[in-house]
Amino acid sequence: MTHSRDAAFLLALHFEDPDFSLRSIFPMKILVADKISPKGVAYLRQQPNFEVIESYNTAPDKLLALVKDVQAIAVRSETKITAAVFAAAPELKVVGRAGVGVDNVDVEAATERGVIVMNTPTGNTIATAELTFTHILCGARPVTQAGASMRAGQWDRKSFSGSELFRKTLGIVGLGRIGSEVAKRAQAFGMRVLAYDPYLAPSRAKAMQVEAVALDELLAQSDYITVHMPLTDATHYLIDEAALAKCRKGVRLFNCARGGIIKESALIAALKSGQVGAAGLDVFEEEPLAKESEFRSLPNVVLTPHLGASTAEAQDAVGLEIAEQITDVLAGGIIRNAVNMPSIDATMLKVLGPYLDLGQKLGTLVQQVAPAQVGTLRITYWGKMIDLDVNAVTRSIQRGWLRRISGESINFVNAPIALERLGVKLEVVKSTDDIDYSELIGVEAVAADGSLHAAKGTLIGKTAKPRLVELNGREVEAEAHGKLLIIENHDEPGMIGYVGTLLGRDGVNIANMSLSRQRAGETALMVINLDSEPSAAARQELKSHRAIKLAKFVQL
């Protein structure tokens, strides 16, 4: 899907209140609670029937009074939009965050109140990429240290010798928007670029003229390493003591992404020992960085106070962008970069709601059972689904697929672009084939090696509960919710008892179990709904059993 098609793909959402529009005789109040770009404020003031209130550094109690009759709030990162704020703002329709993260907005409370939460995920891309490369240059040439020496009245040329970037190897951990821009700048300096991104298709890496490698290979071969991944359970402490030990002695390491990807205690030790020759950090595990932090006393570290988006151009971009997005919403028009709802009208949302839930869970399920590198994601609709506009459901599946890969910034708007960026081809099919259900959704992932990993689901009963009815070509009957244990094993007596006994010994209760096989004595499938997560030891014991081919814990 191209960017132009993606823009055209956005749907209008009309609020249930038919009088809610720019044509209302009453002015709509917009609270600008944090300082955004003056261009953004000016844009809001230019709109007909908007009353713009600027109130910065507002105490929480005063904020509750200010929001009682506002339709929109614009914030950056300072003001906290809590559940109490949403409760005090009955007319609130949209919260716009001028920036990427929405940590200061209670998104769950917003969703419960029917309030749209939007961000501006692309406005700081170039600014962060350039800051990263500034750190890389400072890691190659100790400019900041030499500058401090000069200010102290010294002329010490011997102590500040550096190295050239030309023909050196840069390892980029995470080749998303920002990582891709860093790669372009490194190539301009004549660097060899390696990239580790478990979800990046080889075709995408080839098109960018970078070498896609495993993380261990990147660590071992790189002279410089920079991280550009979201902070998730999978990336927390991705660069720890063991990872640093695999690096070349004297490697230079940089982080302008998120604190916590690099284990700070491990980095400090490596900087002291010389295993890491230099580092540049813009983000930290705890911010602001403590005054007593050892980083402040290390001479081979360049520190900046989370300046990734701190350029005039980036601030203008995100400020103006959020002002335009708020205006579009209040006009009853297009919703862009919403983090908590699809861009569809309210009536259709009531129809599609259960399918959105089912689709997201199928996407998440297949992503967890498929290999990391997937070339094609194929979505098929049957039955009543072929008569619906399933675009939002397709996006829900994409979002489910990406949710555990790309972090919290993925939403119904940017999921197609993020999937495209990984080099995964999307195929959508509406099938007229006969099925045993009134509606059915299938999600198939074609891996790089040609293997197929698939699931099908439907809605059951008056409450439209999502159900898993097929997994990798075998019929099953399982609730598509919560915690699942998927086991493929050689079909032989005693396997059900073995699994049940092991889980019981681990203190894990089985809520439901679905069994499937094609022929006796071949491969059997168990899909087990659990009340809690099995321990790592229990999972390892399952995987090591001679008859078990696959034991996968899945969280929906």
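The values are calculated or read from the model by the stated rules, or taken from the named source; none is laboratory data. None of these values were measured; they are calculated from a predicted model. Counting neighbours? That spans all protein chains shown, and the Cβs are built from the backbone with ideal geometry, glycine included.
Does the range 56-74 contain at least one residue that is at pLDDT below 95 and within 25 Å of the chain's Cα centre (by Cα)?
Checking the range 56-74: not a single residue is at pLDDT below 95 and within 25 Å of the chain's Cα centre (by Cα).
Name the single residue that is modelled with the highest pLDDT among those in the range 333-371 being aliphatic (A, V, I, L, M) and part of a loop (DSSP other than H, G, I, E, B).
Within the range 333-371, the first condition is being aliphatic (A, V, I, L, M), and the residues that meet it are 334-335, 338-339, 341, 344, 346, 348-349, 351-352, 356, 358, 362, 365-366, 369-370.
If we keep only those that are part of a loop (DSSP other than H, G, I, E, B) as well, we get 335, 339, 341, 344, 370.
Details: 335: 75, 339: 84, 341: 67, 344: 56, 370: 93.
Among those residues, the one meeting the criterion is 370.
Filter the range 27-52 down to the residues that are closer than 15 Å to residue 325 by Cα and assigned to a helix (DSSP H, G or I) and list them by number.
Those that are closer than 15 Å to residue 325 by Cα and assigned to a helix (DSSP H, G or I): 39, 40, 41, 42, 43, 44, 45, 46.
Under 6 Å between Cβ atoms, at least 6 apart or on separate chains: pull out the pairs that start in the range 62-78 with a residue that is closer than 14 Å to residue 119 by Cβ and end on any residue that is of a type outside the set (A, V, I, L, M) and not in a helix (DSSP H, G or I).
As it stands, the answer is 74/96; 75/34; 75/97; 76/34; 76/99; 77/104, since those pairs meet every condition given.
Condition check ((1) outside the structural domain of residue 138 (by TED's automatic domain parsing); (2) farther than 20 Å from residue 101 by Cβ; (3) not in a helix (DSSP H, G or I)) across all residues:
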| position | (1), (2), (3) |
| --- | --- |
| 258 | no, no, yes |
| 265 | no, yes, no |
| 269 | no, yes, no |
| 272 | no, yes, no |
| 283 | no, no, yes |
| 287 | no, no, yes |
| 291 | no, yes, yes |
| 308 | yes, no, yes |
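So which pairs qualify, if the first residue must be in the range 212-224 and within 24 Å of residue 301 (Cα to Cα), the second must be of a type in the set (Ser, Thr, Tyr), the Cβ gap must be under 8 Å, and the two must be at least 6 apart or on different chains?
215/196; 218/196; 221/169; 222/169; 223/169; 224/169
Among helices (runs of 4 or more DSSP H) lying entirely in the range 84-160, which contain 1 or more residues that are within 25 Å of the chain's Cα centre (by Cα), in contact (Cβ under 8 Å) with a residue 12 or more places away in the chain and farther than 30 Å from residue 298 by Cα? So that I can check it myself, show each step before the final result.
Details: elements: 107-112, 125-140, 143-151.
Passing ranges, in order: 107-112.
What number of residues within the range 189-203 are in a helix (DSSP H, G or I) and either of a type in the set (Gly, Ala, Ser) or crowded, with 20+ Cβ neighbours inside 10 Å (or both)? Give the steps one after another, and end with the answer.
Of the range 189-203, the ones in a helix (DSSP H, G or I) are 202-203.
With either of a type in the set (Gly, Ala, Ser) or crowded, with 20+ Cβ neighbours inside 10 Å (or both) added as a condition, the list becomes 203.
Number satisfying all stated conditions: 1.
Exactly one of these conditions fails for residue 492: (1) assigned by TED's automatic domain parsing to the domain that holds residue 536; (2) in contact with a Gly (Cβ under 7 Å, 6 or more places away or on another chain). Give me its number.
Answer for residue 492: the failing condition is (2).
Given the condition closer than 21 Å to residue 340 by Cα and small (Gly, Ala, Ser), answer yes or no: does some residue in the range 55-75 qualify?
Initial filter on the range 55-75 (closer than 21 Å to residue 340 by Cα): 67, 70-75.
This time we only want the ones that are small (Gly, Ala, Ser), so: 72, 74.
Yes, that holds for at least one residue.
Just a yes or no: is a residue in the range 218-239 in contact with a Pro (Cβ under 8 Å, 6 or more places away or on another chain), buried (at least 20 other Cβ atoms within 10 Å of the Cβ) and in a loop (DSSP other than H, G, I, E, B)? Spell out the reasoning first.
First, pick out the residues of the range 218-239 that are in contact with a Pro (Cβ under 8 Å, 6 or more places away or on another chain): none.
No; the residues of the range 218-239 include none that is in contact with a Pro (Cβ under 8 Å, 6 or more places away or on another chain), buried (at least 20 other Cβ atoms within 10 Å of the Cβ) and in a loop (DSSP other than H, G, I, E, B).
In the range 397-412, is there at least one residue being touching a strand residue (DSSP E or B) at 6+ places or on another chain (Cβ under 9 Å), more than 24 Å from residue 202 (Cβ to Cβ) and at pLDDT 90 or above?
Our first condition is that a residue be touching a strand residue (DSSP E or B) at 6+ places or on another chain (Cβ under 9 Å); within the range 397-412, this holds for 397-398, 400-401, 404, 411-412.
Next cut, more than 24 Å from residue 202 (Cβ to Cβ) only: 411-412.
Retained after the next criterion (residues that are at pLDDT 90 or above): none.
Checked the range 397-412: no residue is touching a strand residue (DSSP E or B) at 6+ places or on another chain (Cβ under 9 Å), more than 24 Å from residue 202 (Cβ to Cβ) and at pLDDT 90 or above.
Residue check, residue 543 against (1) of a type in the set (D, E, K, R); (2) touching a residue at least 12 places away in the same chain (Cβ under 8 Å); (3) not in a strand (DSSP E or B), all met but one. Which one?
Of everything listed in (1) of a type in the set (D, E, K, R); (2) touching a residue at least 12 places away in the same chain (Cβ under 8 Å); (3) not in a strand (DSSP E or B), residue 543 misses just condition (2).
Residue by residue through the range 448-480, note down the ones that are of a type in the set (A, V, I, L, M, F, W, C), surrounded by fewer than 18 Cβ atoms within 10 Å (Cβ to Cβ) and under 26 Å from the mean Cα position of the chain (by Cα).
So in the range 448-480, the residues of a type in the set (A, V, I, L, M, F, W, C) come out as 448, 452, 454-455, 459-460, 464, 468-469, 471, 476, 478, 480.
Subsequent filtering for residues that are surrounded by fewer than 18 Cβ atoms within 10 Å (Cβ to Cβ) retains 448, 452, 460, 464.
Once the filter is applied, which keeps residues that are of a type in the set (A, V, I, L, M, F, W, C), surrounded by fewer than 18 Cβ atoms within 10 Å (Cβ to Cβ) and under 26 Å from the mean Cα position of the chain (by Cα), the range 448-480 yields 448, 452.
Is it the case that some residue within the range 166-177 is in a loop (DSSP other than H, G, I, E, B), in contact (Cβ under 8 Å) with a residue 12 or more places away in the chain and of a type in the set (Phe, Trp, Tyr)? Steps first, answer last, please.
Initially, the range 166-177 is screened for residues in a loop (DSSP other than H, G, I, E, B), giving 166-168, 174-176.
Filter again for in contact (Cβ under 8 Å) with a residue 12 or more places away in the chain, leaving 166-168, 174-176.
Then keep just the ones that are of a type in the set (Phe, Trp, Tyr); that gives 166.
Yes, some residue in the range 166-177 is in a loop (DSSP other than H, G, I, E, B), in contact (Cβ under 8 Å) with a residue 12 or more places away in the chain and of a type in the set (Phe, Trp, Tyr).
Select from the range 307-334 the residues that are surrounded by fewer than 20 Cβ atoms within 10 Å (Cβ to Cβ) and out of contact with any Phe, Trp or Tyr (no Cβ under 8 Å at 6 or more places or on another chain) and list them in ascending order.
307, 310, 311, 312, 313, 316, 328, 331, 333, 334
Yes or no: residue 204 of a type in the set (Lys, Arg), farther than 21 Å from residue 251 by Cβ and in the same structural domain as residue 261 (by TED's automatic domain parsing)? Break it down into steps so the answer makes sense when it comes.
Working: of a type in the set (Lys, Arg): yes; farther than 21 Å from residue 251 by Cβ: yes; in the same structural domain as residue 261 (by TED's automatic domain parsing): yes.
Yes; evaluated as a whole, the condition is true for this residue.
Quick one: residue 330 ticks every box in (1) modelled with pLDDT of 85 or more; (2) outside the structural domain of residue 117 (by TED's automatic domain parsing) bar one, so which box is it?
Looking at each condition in turn, residue 330 falls short on (2).
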